[in-house]
1. Hey, any hits in region 338-351 for a residue that's over 18 Å from the mean Cα position of the chain (by Cα), buried (at least 21 other Cβ atoms within 10 Å of the Cβ), under 25 Å from A388 (Cα atoms) and of a type in the set (A, V, I, L, M)?
2. Please state which one of K345, K263, K246 is in a loop (DSSP other than H, G, I, E, B) and either closer than 29 Å to R139 by Cβ or at pLDDT 95 or above (or both).
3. If I ask for residues that are acidic (D, E) and closer than 16 Å to R365 by Cβ, which ones from region 285-337 would you list?
4. Given I279, I325, I312, which one is surrounded by fewer than 23 Cβ atoms within 10 Å (Cβ to Cβ), in contact with a Leu (Cβ under 9 Å, 6 or more places away or on another chain) and touching a residue at least 60 places away in the same chain (Cβ under 8 Å)?
5. May I ask you to verify whether C301 is crowded, with 19+ Cβ neighbours inside 10 Å, under 23 Å from D215 (Cα atoms), at pLDDT 95 or above and not basic (K, R)?
6. Of the residues that make up region 207-217, is at least one part of a strand (DSSP E or B) and either buried (at least 17 other Cβ atoms within 10 Å of the Cβ) or over 15 Å from the mean Cα position of the chain (by Cα) (or both)?
7. Go over the candidates T198, T229 one by one and state the one that is hydroxyl-bearing (S, T, Y), closer than 30 Å to R317 by Cα and in contact (Cβ under 8 Å) with a residue 24 or more places away in the chain.
8. Residue check: is N128 part of a loop (DSSP other than H, G, I, E, B) and over 20 Å from E369 (Cα atoms)?
Amino acid sequence: MTLARGLAILFLLFALYCGLDPFHHSPIAHFPDFQAKRVDMPPWSEVPTDTDNHNLLQKSEIKFLNEVQGPESIAFDPLGRGPYTGVADGRVIFWNGHSWVDFAYTSPNRSEICNPLASATPFSYMKNEHICGRPLGLRFDKKTGDLFIADAYFGLLKVGPEGGLATSLVTEAEGIPLKFTNDVDLDGEGNVYFTESTANYPRRNFVQVVFSGDDSGRVLKYNLATKETTVLLSNIQFPNGITLSKDGSFFVFCEGSIGRLRKYWLKGEKAGTSEILAILPGYPDNVRVNNNGDFWVALHCRRSWYAYYSGIYPKIRTMILKLPIPVKIFFQLQIGGHPHAVVVKYSPEGRILQILEDSEGKIVRAVSEVEEKDGKLWMGSVLMPFIAVYNLN
């Protein structure tokens, strides 16, 4: 056999292996109904080029290393105590100044399989999330001290100031069960606003949500007095973080797959309409308003050329995703090669006011949310085993 013929046979076998994927290594091998949608990417020329040339997030302090697994949302109660955070084993925990203590649970069916493990990672609990719960967005009612929780599997819930098992408020809307509840905020008029990232995939398949460009996400409102749930917006590509403006005239939410902030008017002549507030330099997770009325946005990564072109060409994306390549490799391509944290502060008009990052991922490798308190940024991450704190002063 000549070398050329041998190489040809090897190439043929490799092509056959890629085409058949006999060991089901493809990220979509176990999703027979997988459909890739076009992602409404903004033109590359409109993407902000602002950077933090000093990598200031590398000056952050890493707190509670390996004491908290996947602390996505950070909250402080009306008395300023905390932080409170939801972790991967389904608990909401509270830092009392000396140690972490259990505060609340979202699942009425917790069992021993939900107990924290000494050698755990944020991914260790994924297979049991539907049993143990996965609290994501947290918000306190400043008047009552009640904590509102967006749990990925159990929907919208509320627990009193003393904690305990949370009470279920919303598990479906317009006859469609909530599949992936993500974030929550509330106004002073008895309305709770929250997001559902997708109606098709549970949170443990969030990578497939990103890869598919799924557009079944919704933004919803729940009225505490009437107990009515209203769908404000639908057919959104991965709606994620949500926060009201300081004056309550609008709320802002993140379009995760597209990389945008969108404003939804609650009051005034534009009430009931939405508009694009900002095109982001990367893909957002959560957004939080500070005391000045500005918005801190946590980006889980900057944009990459791979994500851009695979977003606008879904057929090519599907072909690539059929290759027997581990999902981790595709995820690395999606985020530009390596984890790196970026946080950006925006004005209410959508102007970039400040950008902080760790482009090398040396200290803060990922960030899901930014909560500003007393001159410090408290940063949680659904992927990391710590909370990072950056001093703004």
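The values are calculated or read from the model by the stated rules, or taken from the named source; none is laboratory data. Values in this document were obtained by computation on a predicted structure and should not be read as measured data. Positions of Cβ are backbone-derived with ideal geometry, glycine not excepted, and every protein chain shown enters the neighbour counts.
1. For region 338-351, residues over 18 Å from the mean Cα position of the chain (by Cα), buried (at least 21 other Cβ atoms within 10 Å of the Cβ), under 25 Å from A388 (Cα atoms) and of a type in the set (A, V, I, L, M): absent.
2. Working: K345 fails: in a loop (DSSP other than H, G, I, E, B); K263 fails: in a loop (DSSP other than H, G, I, E, B).
The match here is K246.
3. Taking region 285-337 first, the residues acidic (D, E) are 285, 294.
Within region 285-337, just D285 meets the criteria.
4. On the way: I325 fails: in contact with a Leu (Cβ under 9 Å, 6 or more places away or on another chain); I312 fails: in contact with a Leu (Cβ under 9 Å, 6 or more places away or on another chain).
After ruling out the rest, the residue left standing is I279.
5. On the way: crowded, with 19+ Cβ neighbours inside 10 Å: yes; under 23 Å from D215 (Cα atoms): yes; at pLDDT 95 or above: no; not basic (K, R): yes.
In short, no.
6. Residues of region 207-217 that are part of a strand (DSSP E or B), as a first pass: 217.
With either buried (at least 17 other Cβ atoms within 10 Å of the Cβ) or over 15 Å from the mean Cα position of the chain (by Cα) (or both) added as a condition, the list becomes 217.
The answer is yes, given that some residue of region 207-217 is part of a strand (DSSP E or B) and either buried (at least 17 other Cβ atoms within 10 Å of the Cβ) or over 15 Å from the mean Cα position of the chain (by Cα) (or both).
7. On the way: T229 fails: closer than 30 Å to R317 by Cα.
Among T198, T229, only T198 is hydroxyl-bearing (S, T, Y), closer than 30 Å to R317 by Cα and in contact (Cβ under 8 Å) with a residue 24 or more places away in the chain.
8. Numbers: part of a loop (DSSP other than H, G, I, E, B): no; over 20 Å from E369 (Cα atoms): yes.
When the stated conditions are applied, N128 does not pass them.
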